[in-house]
Amino acid sequence: MQLGDLLKYNSTLKTLDLSNNTMSDSGLEEICDALSSQKTGLRTLILSNNHITHLGMSHLQNVLPRLKTLETLNLGKNNLENRGIHTLKESLMINRSLLQLGLASTGITCEGAVTLAEILAESPQIQRLDVRQNQVLAGGLMALSLALKINCSLIRLDLDQHLKEEKRA
């Protein structure tokens, strides 16, 4: 029996931590297929360091609006890039249960930070966002700053301690 099969019929599991596996996009597809039939239960999903790319975000995009109890999603240390964040944008704005979003070390640049700012401006429930160890420079930080003027729920924004230097042409 596969993990996906177990998840389909489970209603008591609250936390699923699959960190540091080599799940990749195909493994994420199996997990998302199983989670799509769940109506209650899962509150925390940790998928950090699993060789997931922006392509795998299409699977997560389809299931996120249905996960009505999911409060924490950690996708850190995966190569999502800006394309992955853009793929998740609509489903993150639709989902009203997500309180914490971990995107540390996911290859996001200013473009991804702008997309996250748009999500924050439309999401009245997100309380914590982690974007450490990405290439978010001044433009991305400005977008996030403007979003915080609209968003009243965010209480913690994790950023790098030192601003990365922008390359001059």
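The values are calculated or read from the model by the stated rules, or taken from the named source; none is laboratory data. Quick caveat, the model's predicted, so the values are computed rather than measured. Note that each Cβ is placed from the backbone with ideal geometry, even for glycine, and that neighbours are counted across all protein chains shown. Only protein heavy atoms, including side chains, enter the accessible area calculation; ligands, DNA and RNA are left aside. Shrake-Rupley method; radii C 1.70, N 1.55, O 1.52, S 1.80 Å.
State whether one or more residues within the stretch 115-131 are in contact (Cβ under 8 Å) with a residue 40 or more places away in the chain, under 11 Å from the mean Cα position of the chain (by Cα) and in a loop (DSSP other than H, G, I, E, B). Taking every residue of the stretch 115-131 in turn, none turns out to be in contact (Cβ under 8 Å) with a residue 40 or more places away in the chain, under 11 Å from the mean Cα position of the chain (by Cα) and in a loop (DSSP other than H, G, I, E, B).
Here the stretch 137-153 is the region considered, the condition is being hydrophobic (A, V, I, L, M, F, W, C) and open to solvent by less than 30 Å² (accessible area, probe 1.4 Å), and the residue that is farthest from P124 (Cα to Cα) is A143.
When E122 is tested against the conditions (1) in contact with a helix residue (DSSP H, G or I) (Cβ under 8 Å, 6 or more places away or on another chain); (2) surrounded by fewer than 22 Cβ atoms within 10 Å (Cβ to Cβ); (3) at pLDDT 95 or above, the lone failure is (3).
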